[in-house]
Amino acid sequence: MAEKILVFSGKGGVGKSTVTAAISKSLSSAGKRVLCIDADAGFKSLDLMLGVGNAVYNWLDVINKRCDCAGATAFSEGLPDFLSAPSGLDDGFNSENLKELFEQLDGSYDYIFIDSPAGWGELHEIFSDVCDRALLVTTADNICVRSAETAASKLRKRNPLIDIKLIINRFDKSQAIRGGQLKLDDVVDGVREGLTGVVPEDRTMGKMPEGDMLSFKAQAAFDRISKRITGQDVVFNPKAL
Ligand SMILES: Nc1ncnc2c1ncn2[C@@H]1O[C@H](COP(=O)(O)OP(=O)(O)O)[C@@H](O)[C@H]1O
Ligand SMILES: [Mg+2]
C-alpha cells in the first residue's frame, strides 16, 4: 500500500510545490515508485516543477469517469508519475469518490504526494481523509510560522491520527544570525511540530522548471528529507546548511 502524504502550509509561496517536486524526484531516483498529485485546482504549477509534459486529463476526470487512471497519468522516464490538477472542482469531488480513486492507485506506488493550495479549506479536509502523513512547509518568519501552526491544528482536528512533520524552507543561516529570519529553534517552538528537514535559500530552486540541476547543498537537503521519509535515521547536522 502507498503512503499518502499531504503537503500543506498556512501562507502561500513558501515552497510547497518546489519541495514536493524535489522530494518526490529524490525518492524516484532512489528507486521508489512515486506519484505526485497536483491538488492546487486552478493554480497548478507542479507539472512545471517536475518537468513533465502538459496533461490532457486530470484526477477529477478520473473521478468523473471521463478517463481511467492510466489515461490521466503522465509517465516520464526517471521522473515520478504525475496526475494534473483540474481547473476547478465540481460535485464529483467528495470524500467517497476520492477514496475510490486512491484505492485504484494504492497498489502501484510506494509514495503518493499531494501538493495542496495554501491555507485550509474543504479541499484539504477531503484530501486529508485519505492521507497517513503530512509535510507542513513554512519559511522562518513570524507570519508564516503562525499560519502554519493554525493550518496544522485544523488538519489535526479533521484527522487526529495523521503524522505531521515540519519542513523549514528558504532558510538563510546568516540572516538568522543577523535577526533577518527566525532561528530554527524559534520556528519549531512556534509551529510545535516535529522537524524533518531544513532547506536552504538557494537560487537554483527557481531554475527547476527549466530542468536545471539543484545545487549540491539543496539536493543534499532534499535527499536527507527523502531518506527520513523512508524511515532512515539521518542525523540533523546544522553545519550542512
Ligand atoms: N529554498 C528556496 N530557495 C529559493 N527559492 C525558493 C525556494 N523554495 C521555493 N522557492 C521559490 O519560491 C517561489 C514559490 O515556490 P512554490 O513552490 O511555488 O510555493 P508554493 O507552492 O508554496 O506556493 C518559487 O519561485 C520558487 O522557485
Ligand atoms: Mg504550489
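The values are calculated or read from the model by the stated rules, or taken from the named source; none is laboratory data. Please read all numbers here as calculations on a predicted model, not as lab measurements. Positions of Cβ are backbone-derived with ideal geometry, glycine not excepted, and every protein chain shown enters the neighbour counts.
Among the residues of the stretch 125-138, which ones are under 14 Å from the mean Cα position of the chain (by Cα) and of a type in the set (Val, Ile, Thr)?
Within the stretch 125-138, the first condition is being under 14 Å from the mean Cα position of the chain (by Cα), and the residues that meet it are 127-128, 131-138.
Within the stretch 125-138, Val137, Thr138 meet the criteria.
Kindly indicate which of Ile162, Ile177, Ile168 is among the hydrophobic types (A, V, I, L, M, F, W, C), within 16 Å of ligand 1 (Cβ to nearest atom) and under 30 Å from Pro238 (Cα atoms).
Step by step, each of Ile162, Ile177, Ile168 is checked, and only Ile168 is among the hydrophobic types (A, V, I, L, M, F, W, C), within 16 Å of ligand 1 (Cβ to nearest atom) and under 30 Å from Pro238 (Cα atoms).
Can you tell me which residue is farthest from the chain's Cα centre (by Cα) among those in the stretch 73-93 that are assigned to a loop (DSSP other than H, G, I, E, B) and of a type in the set (A, V, I, L, M)? Full working, then the answer.
Let us first name the residues in the stretch 73-93 that are assigned to a loop (DSSP other than H, G, I, E, B), namely 75-80, 85-93.
Cutting the leftovers down to of a type in the set (A, V, I, L, M) gives us 79, 85, 89.
On the way: Leu79: 16, Ala85: 14, Leu89: 20 Å.
Among residues in the stretch 73-93 that are assigned to a loop (DSSP other than H, G, I, E, B) and of a type in the set (A, V, I, L, M), the one farthest from the chain's Cα centre (by Cα) is Leu89.
Being crowded, with 18+ Cβ neighbours inside 10 Å, within 16 Å of ligand 1 (Cβ to nearest atom) and modelled with pLDDT of 95 or more is the requirement here; does Ser147 meet it?
When the stated conditions are applied, Ser147 passes them.
If I filter the stretch 20-29 for residues that are part of a loop (DSSP other than H, G, I, E, B) and over 13 Å from Tyr111 (Cα atoms), do I get at least one hit?
For the stretch 20-29, residues part of a loop (DSSP other than H, G, I, E, B) and over 13 Å from Tyr111 (Cα atoms): absent.
With the checklist (1) in contact with a Lys or Arg (Cβ under 7 Å, 6 or more places away or on another chain); (2) away from ligand 2 (no atom under 16 Å from the Cβ) in hand, flag the one item Leu135 doesn't pass.
Checking Leu135 against (1) in contact with a Lys or Arg (Cβ under 7 Å, 6 or more places away or on another chain); (2) away from ligand 2 (no atom under 16 Å from the Cβ), the one that fails is (2).
Which ones in the stretch 74-96 are free of Cβ contacts under 8 Å to residues at least 40 places away in the same chain and surrounded by 18 or more Cβ atoms within 10 Å (Cβ to Cβ)? Break it down stepwise before answering.
Initial filter on the stretch 74-96 (free of Cβ contacts under 8 Å to residues at least 40 places away in the same chain): 74-77, 90-96.
Across the stretch 74-96, the qualifying residues are Ala74, Phe93.
In the stretch 1-37, what residues are within 15 Å of ligand 2 (Cβ to nearest atom), touching a Pro at 6+ places or on another chain (Cβ under 9 Å) and more than 21 Å from Pro200 (Cα to Cα)?
If the condition is that a residue be within 15 Å of ligand 2 (Cβ to nearest atom), touching a Pro at 6+ places or on another chain (Cβ under 9 Å) and more than 21 Å from Pro200 (Cα to Cα), then Cys36 is the only one that fits.
Out of the residues in the stretch 1-38 that are surrounded by 20 or more Cβ atoms within 10 Å (Cβ to Cβ) and either of a type in the set (Ser, Thr, Tyr) or free of Cβ contacts under 8 Å to residues at least 12 places away in the same chain (or both), which is farthest from ligand 1 (Cβ to nearest atom)?
Within the stretch 1-38, the match that is farthest from ligand 1 (Cβ to nearest atom) is Ser28.
Among the numbered conditions (1) in a helix (DSSP H, G or I); (2) away from ligand 1 (no atom under 12 Å from the Cβ), tell me where Asn54 comes up short.
Only one criterion is unmet by Asn54, namely (1).
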